[in-house]
1. What number of residues in the stretch 106-117 are modelled with pLDDT of 85 or more and surrounded by 14 or more Cβ atoms within 10 Å (Cβ to Cβ)?
2. Please go through (1) at pLDDT 85 or above; (2) surrounded by 17 or more Cβ atoms within 10 Å (Cβ to Cβ) for PRO6 and return the number of the only condition it doesn't satisfy.
3. Residues SER151, SER97, SER144: which one is of a type in the set (Ser, Thr, Tyr) and modelled with pLDDT under 75?
4. Which count do you get for residues in the stretch 120-141 that are modelled with pLDDT of 85 or more and more than 18 Å from the chain's Cα centre (by Cα)?
5. Run down GLY38, GLY65, GLY45 and say which single residue is small (Gly, Ala, Ser), more than 20 Å from GLU133 (Cβ to Cβ), surrounded by fewer than 14 Cβ atoms within 10 Å (Cβ to Cβ) and without any contact (Cβ under 8 Å) to a residue 40 or more places away in the chain.
6. May I ask you to list the residues in the stretch 70-88 that are surrounded by 13 or more Cβ atoms within 10 Å (Cβ to Cβ) and in contact with a Leu (Cβ under 9 Å, 6 or more places away or on another chain)?
7. If you take the residues of the stretch 22-33 that are outside any strand (DSSP E or B) and touching a helix residue (DSSP H, G or I) at 6+ places or on another chain (Cβ under 8 Å), which of them is modelled with the highest pLDDT?
Amino acid sequence: MTAERPEAIQTVCPFRLVVDEDLDQLSQEITMSGAAAGSVLFEEGDPADGVAAILEGNFEVLKQGRVLATLGPGAVVGELSVFLPAAVRTATVRAISPVRTVRWRAEDVLTRLARHERLATAIVADMAFVLAERLDRRTQDVVSLLQAAGSRLPVSELERYRSRAVE
């Protein structure tokens, strides 16, 4: 592991909680890469095989060709793949500038937890915060949409959507 890698890696999710003693093991489980503007990191519909943290540069997240978000250094993408083994990519992630990322493959997380409990737990725990934040935002979006549609939908339809949002 180069002198630059631990410092760069430990500043971004999902590696912020990794302790120094686990950096050698982490270096065996990650890959760092760079790509030019226009490069695709993930393609919508592809099998989800790991999580990536953005170290440098910016990506846009596209769903069916429509830009949903722009992400920069410190952002994480692909986190669901760690928790859902059969997941597919829900969006395309494309570089809009030269980028540098670090990726952690999602394969066999349960075995990793058994072998390197502290390392795997640190990574999963860090991603839990991201997932909770994203779930909260989506819930707020759904509630806002339901409130906006409330005066236009029959009450029975509105209640059906509300019950799904709460589940």
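The values are calculated or read from the model by the stated rules, or taken from the named source; none is laboratory data. Keep in mind the model is a prediction, meaning the values are calculated, not measured. With ideal geometry, Cβ positions are generated from the backbone for all residues, glycine too; neighbour counts draw on all protein chains shown.
1. 1
2. (1)
3. Details: SER97 fails: modelled with pLDDT under 75; SER144 fails: modelled with pLDDT under 75.
Testing whether each residue is of a type in the set (Ser, Thr, Tyr) and modelled with pLDDT under 75 leaves just SER151.
4. Of the residues in that region, 1 qualify.
5. Details: GLY38 fails: without any contact (Cβ under 8 Å) to a residue 40 or more places away in the chain; GLY45 fails: without any contact (Cβ under 8 Å) to a residue 40 or more places away in the chain.
Just a single option satisfies the conditions, and that option is GLY65.
6. Once the filter is applied, which keeps residues that are surrounded by 13 or more Cβ atoms within 10 Å (Cβ to Cβ) and in contact with a Leu (Cβ under 9 Å, 6 or more places away or on another chain), the stretch 70-88 yields PRO73, VAL77, GLY78, GLU79, LEU80, PHE83, ALA87.
7. Start the filter on the stretch 22-33 by keeping residues that are outside any strand (DSSP E or B), which leaves 22-29.
Subset that is touching a helix residue (DSSP H, G or I) at 6+ places or on another chain (Cβ under 8 Å): 22-23, 25-27, 29.
Values: ASP22: 90, LEU23: 87, GLN25: 87, LEU26: 87, SER27: 85, GLU29: 85.
Among those that are outside any strand (DSSP E or B) and touching a helix residue (DSSP H, G or I) at 6+ places or on another chain (Cβ under 8 Å), it is ASP22.
So that you can scan it fast, the table gives a plain yes or no per residue for (1) touching a strand residue (DSSP E or B) at 6+ places or on another chain (Cβ under 8 Å); (2) of a type in the set (Phe, Trp, Tyr); (3) surrounded by 15 or more Cβ atoms within 10 Å (Cβ to Cβ):
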{"position": "ARG103", "(1), (2), (3)": "yes, no, yes"}
{"position": "VAL124", "(1), (2), (3)": "no, no, yes"}
{"position": "LEU135", "(1), (2), (3)": "no, no, no"}
{"position": "ARG138", "(1), (2), (3)": "no, no, no"}
